[in-house]
Amino acid sequence: MALHVCYLLPHILPTSGGSVIGGAAANCVSLALELKRRGVGIEVLASVSDGGLAHLAGSPLSEILKPLPTCGGGLLGKGFGTVRTLRRGLRERLRESHFDIVHCHSGTYPYALAPLVADRQTSIRMHSLYCPLGANGGVYSRWWEAMSAARLVFQRLDRVVAVTQNVQRSLQVAGVPSEKVELFPMCVDTRRFRPRGRPQQLKYFPHNDGQARILFVGNASQEKRLAELLLALKILADRRLSFFVVAAIENQSQIKEYTIGYDRAKDFVHRCGLEDCVRFIGLVDAIEDLYAEADVLLIPWRTSRGPSDYPMVVLEAMAMGKCIISTPVGGCPELLAGGKAGFLTKDFSAESIASAIEVVMRDSFMRRSLQAAAVQRAQEFSVRTSAHRLMLLYEELLRKKTSCHASRAV
């Protein structure tokens, strides 16, 4: 069955090398490119800046991307403005082309209004939700979501895709009919992210085999808790544990809260004398090179509110055989198989984070066991497997819709 599919994304934030930032965006783009490799006719509609378009020039994504303008000022303006932009962009494309599947991807539910523009009689309308409804924290959570409104929107779609069990449970609590919900976990490109040895020439970490190499990837928001990580590092420094931390900080969205958090983090490092063991860097294009140099990826988050309930950086690092240390946040316990494929801290405190780092770095056998389990676990989330399952779902839904219309015509 020849498929013509349209993917909708609120926005795409590419690095200078064309990599896509954000769990929902990265997952959506990976699926879209894999579907294209399988012969599916696919387009991606998303807001992207002129600078972002320049970064994507010549990339595989540029061949299927239909860019939409960025809009709005502030979080409120950007949120509602992007919903309007997606709906308008889809409506214009539908004047020129028919899509069998219109599938939106986002961390929060209001963007699910966009697929409703498509004709329910001829198109399958879907939305993938990446964050649980009603999750605490995050810049939008106080005003952006309401369970009753989400239920009304989702009931009008053909299917709602939950990317984690945590998201699935939140949909059940909201009263979304179970027959409308599909569980399709997030995926990772295991061809790009795969185990490899540490390079002889290190770019990001110092050449010191006696140090624990710890990596943090994210923004400087309160939710990602870079500040709590730095407090944990101060505890470890006082205990004379030898370590070096690279913090890859993103703020392409130019959100004021993140900039303030970043400035405070740098000030804390200076005041506590941690300059020799903490390095701040910006975005990294070939992030697999950064993973390759690290021993541990640390997730000190208090909420998974944001790009995704499964942090994409965790999936990528697991696929490369890195040891994960994470707080028991969001979908991380289920992603890490309850602590079998990564180390879960007892709680969210700096002391608990520091203790976890110390335990993992002092026990090399445990660290190697967690690394091996992480690689095996990541294979369950291969983009090739996910794309195959998704195509089967698309085809099944189309057959049912066609059969239903045929019976009504009779």
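The values are calculated or read from the model by the stated rules, or taken from the named source; none is laboratory data. Not measured: the values here are computed from a predicted model. Ideal geometry is used to build each Cβ from the backbone, glycine not excepted, and the neighbour counts take in all protein chains shown. Just so you know, the surface numbers come from the protein's heavy atoms only, side chains and all, with ligands and any DNA or RNA stripped out. Shrake-Rupley method; radii C 1.70, N 1.55, O 1.52, S 1.80 Å.
Some values worked out for this structure:
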{"read-out": "Residue list for region 168-198, restricted to those being of a type in the set (K, R) and in contact with a strand residue (DSSP E or B) (Cβ under 8 Å, 6 or more places away or on another chain)", "value": "K180"}
{"read-out": "Selection status of E34, at pLDDT 90 or above, in a helix (DSSP H, G or I) and open to solvent by 50 Å² or more (accessible area, probe 1.4 Å)", "value": "no"}
{"read-out": "Failed condition for V173, given (1) without any contact (Cβ under 8 Å) to a residue 24 or more places away in the chain; (2) of a type in the set (A, V, I, L, M); (3) out of contact with any helix residue (DSSP H, G or I) (no Cβ under 7 Å at 6 or more places or on another chain)", "value": "(1)"}
{"read-out": "Every residue from region 189-212 that is small (G, A, S), surrounded by fewer than 17 Cβ atoms within 10 Å (Cβ to Cβ) and in contact (Cβ under 8 Å) with a residue 40 or more places away in the chain", "value": "G197"}
{"read-out": "Residue check, L390 surrounded by 22 or more Cβ atoms within 10 Å (Cβ to Cβ) and over 30 Å from L241 (Cβ atoms)", "value": "yes"}
{"read-out": "Test for A237: is it open to solvent by less than 50 Å² (accessible area, probe 1.4 Å), over 21 Å from A317 (Cα atoms) and either acidic (D, E) or modelled with pLDDT of 85 or more (or both)", "value": "yes"}
{"read-out": "Check on A374, aliphatic (A, V, I, L, M), within 30 Å of R125 (Cα to Cα) and touching a residue at least 40 places away in the same chain (Cβ under 8 Å)", "value": "no"}
{"read-out": "Region 80-99 - residue that is assigned to a helix (DSSP H, G or I) and open to solvent by 70 Å² or more (accessible area, probe 1.4 Å) and, of those, farthest from V40 (Cα to Cα)", "value": "F80"}
{"read-out": "Among the candidates L231, L215, residue that is open to solvent by 60 Å² or more (accessible area, probe 1.4 Å) and at pLDDT 95 or above", "value": "L231"}
{"read-out": "Test for L183: is it at pLDDT 90 or above, of a type outside the set (D, E, K, R), under 30 Å from F154 (Cβ atoms) and open to solvent by 20 Å² or more (accessible area, probe 1.4 Å)", "value": "yes"}
{"read-out": "Residues of region 1-44 satisfying the condition of being closer than 26 Å to S304 by Cβ and free of Cβ contacts under 8 Å to residues at least 60 places away in the same chain", "value": "I12, P14, V20, V29, A32, L33, V44"}
{"read-out": "Qualifying positions in region 292-304 - surrounded by fewer than 24 Cβ atoms within 10 Å (Cβ to Cβ) and either of a type in the set (K, R) or over 23 Å from Y258 (Cα atoms) (or both)", "value": "A292, E293, D295, R302"}
{"read-out": "Search result, residues across region 100-119 that are surrounded by 14 or more Cβ atoms within 10 Å (Cβ to Cβ) and assigned to a loop (DSSP other than H, G, I, E, B)", "value": "D100, G107, T108, A118"}
{"read-out": "Test: residue in region 248-257 that is among the hydrophobic types (A, V, I, L, M, F, W, C) and either outside any loop (DSSP other than H, G, I, E, B) or open to solvent by less than 10 Å² (accessible area, probe 1.4 Å) (or both)", "value": "yes"}
{"read-out": "Which numbered condition H4 misses (of (1) surrounded by fewer than 19 Cβ atoms within 10 Å (Cβ to Cβ); (2) closer than 24 Å to K224 by Cα; (3) in contact with a Phe, Trp or Tyr (Cβ under 9 Å, 6 or more places away or on another chain))", "value": "(2)"}
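For every residue, the table says whether it meets (1) more than 14 Å from Y291 (Cα to Cα); (2) among the acidic types (D, E).
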{"position": "P177", "(1), (2)": "yes, no"}
{"position": "D189", "(1), (2)": "yes, yes"}
{"position": "G197", "(1), (2)": "no, no"}
{"position": "G218", "(1), (2)": "no, no"}
{"position": "E228", "(1), (2)": "yes, yes"}
{"position": "E257", "(1), (2)": "yes, yes"}
